[in-house]
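Structure first, then comments.
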Amino acid sequence: MENTKAGLLETLDTRDIGRFYIYLAILATIGGFLFGFDSSNIGSALVFLPFKLGPLAIGIIVAGASLGSFVGALAAGPLTDRFGRKALLLVDSALFAVGSLISAFAFEPVTLTIGRLIIGIAIGADSAIATAYIAEFAPKRRRGSLAIIQQWMITIGILAAYVIAVIVLAIAPHAATTVDWRILLGVGFIPAIVSLLMRARMPESPRWLLERGKEEKAIKAFQTLGLDATPEQVHAEASFVRTETLRLSGQTRWTPPVKRALVIVCVFFILQQITGINVAFYYGPHLLTPYFTHPGTSAVQAEIFGVIAAGILAVVNVIATYFAFRFIDSIGRRRLAIGAYIGMAVFLVVGAYGASFLHGVPQLIVIMVGFALFISCFAIGIGGTGWLLQGEVFPTAVRGRASGIGAAVDWLANYGLVLAFPLMQVGIGLGWTMIVFAVLCVIGIFFVYFFLPETKGHSVEEVVRLFEGPVNRKDPSQPSVVR
């Protein structure tokens with residue numbers, strides 16, 4: 001236990017992280033595993049669905065989770081500000097379990113879409129809450145690393161979906177269109193129940209408890225986090241938090257800097273999605289299987305090869321996300337994002353060249369290399385950065401609602417991408433679609449340079465000052481020189 005004359009929140013902000021902090025971050029982001037798993041398993045099952053589906057119908061089913069995520073993220077904001085972070089995370093785990101069961105037992109496209117919508121609601125709500133929860137207990141020097149665990153868990157979930165798909169299809173290839181696809185969509189029920197049981201042991205966010213005047217529960221939360229807080233200390237801290245909130249926000253908590261931060265986060269999320277990352281993971285097996293289809297290869301064998309190829313991309317994603325975890329707090333959010341968009345644009349052009357001008361094995365190799373390096377750049381500088389910014393740039397009083405709006409915009413953009421891709425592929429081909437994504441990456445470079453300040457090293461209470469005006473070009477980690 002630790003006792004200190006400094007404020008309790010100040011002490012949290014300056015501590016070194018230990019195993020318990022990492023464990024707690026994993027509990028908060030275990031929904032990220034389900035997020036990645038349940039977003040990607042549809043790609044492996046898609047070829048074997050026993051329904052007649054055109055490009056638009058395929059888009060609707062695959063994008064169902066994204067549409068549900070939009071609803072879940074919007075609903076999560078006000079609910080988590082009212083009922084707390086922990087309560088909503090528990091509800092999310094239960095929704096993941098229900099959605100998985102409905103998807104597994106669907107006997108026509110509508111029921112499957114409903115199951116995907118329920119899963120999406122859980123994904124959207126979880127994405128709105130997890131990093132906000134982490135930001136409210138994590139030391140400011142390591143807040144980025146802990147929040148990036150959310151993205152890491154997503155990548156592990158994506159990889160797990162592909163590994164399970166390969167195992168199931170290899171064990172029972174003749175049952176691919178009857179039982180296998182149901183197993184692929186329903187097995188997510190197991191980690192959902194595990195997450196529900198584990199999250200029940202999480203402490204509530206101490207910042208939220210202080211904001212709401214729940215001082216007895218705040219004492220327990222601080223003790224769980226390793227601070228020996230007295231009732232007097234907690235009362236003084238709660239009074240300070242409420243006074244500071246009123247001082248900063250006056251009669252409204254949606255101040256111009258908060259609104260500015262919200263717009264920047266939303267645009268970052270839109271660019272994060274429409275530059276094409278989820279094409280590789282939602283449609284990966286569907287997209288890559290034709291490159292393995294040739295005389296003498298059955299449809300199931302070709303699909304297994306397609307899933308393995310998509311799984312290789314998922315492995316790349318997991319490994320690359322480590323570098324985001326390693327460097328997000330040293331190099332910073334802004335420089336990593338700019339470098340990532342540059343790399344993404346370059347490797348999308350490489351992939352487009354392969355898709356348009358090569359054939360056979362060379363075409364497959366170039367497309368895979370282009371996708372792999374594109375994914376690597378995204379994972380290092382873009383994937384987790386959006387979720388991190390969403391959790392750290394808003395004051396506690398509106399963090400849930402603002403994060404929910406940001407996540408909702410992210411999922412609406414994701415829905416548009418996932419719905420449009422099958423039509424774009426048919427209409428202009430994979431090569432030109434990748435060129436469109438590359439142009440959007442160039443737009444992302446300019447957006448980050450001109451509008452995103454550097455937030456590393458600041459407490460969550462300090463970060464909002466960086467959005468009082470334009471980015472300080474001399475030192476992007478400081479408030480604007482223009483007031």
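Here are some notes:
- Note that the stretch 234-239 has calculated 3J(HN,Hα) couplings of 5, 4, 5, 5, 4, 4 Hz, one per residue in order, obtained from phi through the Karplus relation 6.51 cos²θ - 1.76 cosθ + 1.60 (θ = phi - 60°); glycine and proline are x.
- Solvent-accessible ranking of TRP387, TRP254, TRP432, largest area first, probe 1.4 Å: TRP432, TRP254, TRP387
- Placing R0 at 22 angstrom, the Cβ-Cβ distance between VAL369 and SER298 gives a FRET efficiency of 0.20 after rounding to 0.05.
- To the nearest 10, the accessible area of LEU412 is 90 Å² with a 1.4 Å probe.
- Heavy-atom accessible area order for ARG141, ARG333, largest first, 1.4 Å probe: ARG141, ARG333
- Given charges at beta-carbon only (K, R positive; D, E negative), |dipole| of the chain in Debye: 660 debye
- Sites SER330 and ARG82, calculated FRET efficiency, Cβ-Cβ separation with R0 41 Å, nearest 0.05: 0.65
- Peptide ranges 398-405, 113-120, 125-132 listed from the most packed, as the mean C-beta count within 10 angstrom indicates: 125-132, 398-405, 113-120
- Expressed as a whole percent, the accessible surface of the chain that belongs to carbon and sulfur atoms is 71, based on a 1.4 Å probe.
- Solvent-accessible heavy-atom area per residue, rounded to whole Å², over the chain at 1.4 Å: 38 Å²
- Its Cα centre serving as origin, the stretch 153-243 has a Cβ charge dipole (Lys and Arg +1, Asp and Glu -1) of approximately 220 debye.
- Among the protein heavy atoms, those of ILE30 account for about 20 Å² of accessible surface (1.4 Å probe, every chain in place).
- Dipole-positive endmost among GLY429, LEU452, LEU388 within the stretch 385-483 (Cβ charges, Cα centre): LEU452
The values are calculated or read from the model by the stated rules, or taken from the named source; none is laboratory data. No experiment lies behind these values; they were computed from the predicted model shown. In this analysis, Cβ positions are derived from the backbone assuming ideal geometry, glycine residues included, and neighbour counts consider all displayed protein chains. To get the accessible areas, we keep the full protein, side chains included, count just its heavy atoms, and leave off ligands, DNA and RNA. Shrake-Rupley method; radii C 1.70, N 1.55, O 1.52, S 1.80 Å.
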